[in-house]
Amino acid sequence: MRKAINGTLKILTISSVIVSMLLILVAYCTQYSIKEKSDLKSRTNILAQCLDGYDENSEINILTKMYDDVSDIRVTLIKSDGTVIYDNEADTTTMENHFERPEVKQAVTYGNGSSSRNSETIGEKIYYYAVKLNNGSILRMSQPTKVIMYMVLTIMPIVIIILICVIAVSFVSAKHLTKYILDPINEVDINNIGKAEIYDELKPFFARIANQNAEKEKTEKIRREFTANVSHELKTPLTTISGYAQMISNGMAKAEDIKEFGRKIEKESDRLLTLIDDIINLSNIDEQGSIENPENIDLSLVTEEAICVLEKAAKERGIQIYYTKIPTLIKGNVTLVSELVYNLLDNAIKYNKDNGKITVFVGESAKGVELSVKDTGIGIPPEDTERIFERFYRVDKSHSKKVGGTGLGLSIVKHVCACHNATIRVKSKVGKGTTIYVTFPNNVNN
């Protein structure tokens, strides 16, 4: 990076100087040409004022005395019909009629005229300015214009010397400037960016780094919490299973207790298997990231099947499920979408009140295809709303332990939504119930 900045500064400095010199040179030559033309106009107008009032012979005599020996400027006197009657650089008898010359035609019509063209006699670019006199004659003065290349060649030695000096200075300056720019950056403590003295322009860049570091720390914290939670969640049922099994194998269990111990071992085993299945599902969704070869899915049909599976669990607690549907297609993975719907409904049953109700809706909305699950359960405090999708996070740990579950259901829902580019929104009130809205993009080609 140091070499790149150093080289860029050198190239930029040299290029800027060269371009600046060229622009100044062009501007100078242009200004010089404008000044030459202005001076020529002034001299022509002054001479015209001096000649006005004289006849043609007198005018020729005056011009002969004033300009026959002058070589830096050409003076021509032309009759109104274009015949040249005086020229201080050429024999008038051999000169062609000048009436068609642009500057002469303009002077005849408007009183004055000008033009620039290459002279056939001297082979240079000439600027002409003509003025109409009171007697109808045309006074024309002209002189060669300075070409830019000539001026460039004239000052080229000076330009070369300046360029050499600039290159030498730029090499030294670029080295020191590179050090001045990079040293504060190299001294920044990435782990303590907040106290670093950096350029204002680089603060957004380092702010992004700080945010990324914070995100990494957050991810690492979640990973550690997940590992600890998994260990705890696995250890609890295993401890129970091991305890009852040891009591049975050591003969400590009474005959009448063996059946109850077996039931508890079976229950904890089912809990363990469910937890492992959820962890595997979540891991698979994480690895999958996006859906390959998505298929058209009737979300209303998938929801109806999930309701049928969970209807028995709902009836055991007197919970009524009200389902409103509009057959609606989405693109995705039917297994994952089924898992999403099942977990939403399962949560709505587990955290509902006895004899409560669940309202399910599937249909079109302004933002896409919507699935909403509303319950009349215990609700979620506002401070916990954002965290319910974290792995193993439980709002009411005592209630969660009572109803069972792994604490991974809503985390699976969140990851399935991410795979399908769906959005999820929660609306809840403590003691009144919770509504979860999932909106899928309407990307099915009809």
Would you pick out the residues in the range 352-366 that are open to solvent by 50 Å² or more (accessible area, probe 1.4 Å) and in a loop (DSSP other than H, G, I, E, B)?
Lys353, Asp354, Asn355, Ala366
Residues in the range 418-431 that are closer than 20 Å to Val360 by Cβ and out of contact with any Ser or Thr (no Cβ under 7 Å at 6 or more places or on another chain): how many?
4
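Residues are listed down the side, and each one gets a yes or a no for (1) under 33 Å from the mean Cα position of the chain (by Cα); (2) under 30 Å from Tyr28 (Cβ atoms); (3) modelled with pLDDT of 70 or more; (4) of a type in the set (A, V, I, L, M):
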{"position": "Val147", "(1), (2), (3), (4)": "no, yes, no, yes"}
{"position": "Lys179", "(1), (2), (3), (4)": "yes, no, yes, no"}
{"position": "Leu182", "(1), (2), (3), (4)": "yes, no, no, yes"}
{"position": "Ile193", "(1), (2), (3), (4)": "yes, no, no, yes"}
{"position": "Phe205", "(1), (2), (3), (4)": "yes, no, yes, no"}
{"position": "Lys221", "(1), (2), (3), (4)": "yes, no, yes, no"}
{"position": "Glu225", "(1), (2), (3), (4)": "no, no, no, no"}
{"position": "Asn229", "(1), (2), (3), (4)": "no, no, no, no"}
{"position": "Glu233", "(1), (2), (3), (4)": "no, no, no, no"}
Would you call Thr406 under 35 Å from the mean Cα position of the chain (by Cα) and either at pLDDT below 80 or open to solvent by less than 20 Å² (accessible area, probe 1.4 Å) (or both)?
no
Evaluate the following for Tyr28: is it closer than 30 Å to Leu163 by Cα, open to solvent by 80 Å² or more (accessible area, probe 1.4 Å) and either of a type in the set (Phe, Trp, Tyr) or out of contact with any His (no Cβ under 8 Å at 6 or more places or on another chain) (or both)?
yes
Given the conditions (1) open to solvent by less than 40 Å² (accessible area, probe 1.4 Å); (2) under 60 Å from the mean Cα position of the chain (by Cα); (3) not polar (S, T, N, Q), every one holds for Leu12 apart from (1)
If Arg43 satisfies all but one of (1) touching a residue at least 24 places away in the same chain (Cβ under 8 Å); (2) more than 30 Å from Val159 (Cβ to Cβ); (3) open to solvent by less than 90 Å² (accessible area, probe 1.4 Å), what's the number of the condition it fails?
(3)
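The values are calculated or read from the model by the stated rules, or taken from the named source; none is laboratory data. The model shown is predicted, which means the values in this text are computed figures rather than measured ones. A quick note on method: Cβ atoms are made from the backbone with ideal geometry, for glycine too, and the neighbour counts reach across all protein chains shown. Heavy atoms of the whole protein, side chains included, go into the accessibility calculation; ligands, DNA and RNA do not. Shrake-Rupley method; radii C 1.70, N 1.55, O 1.52, S 1.80 Å.
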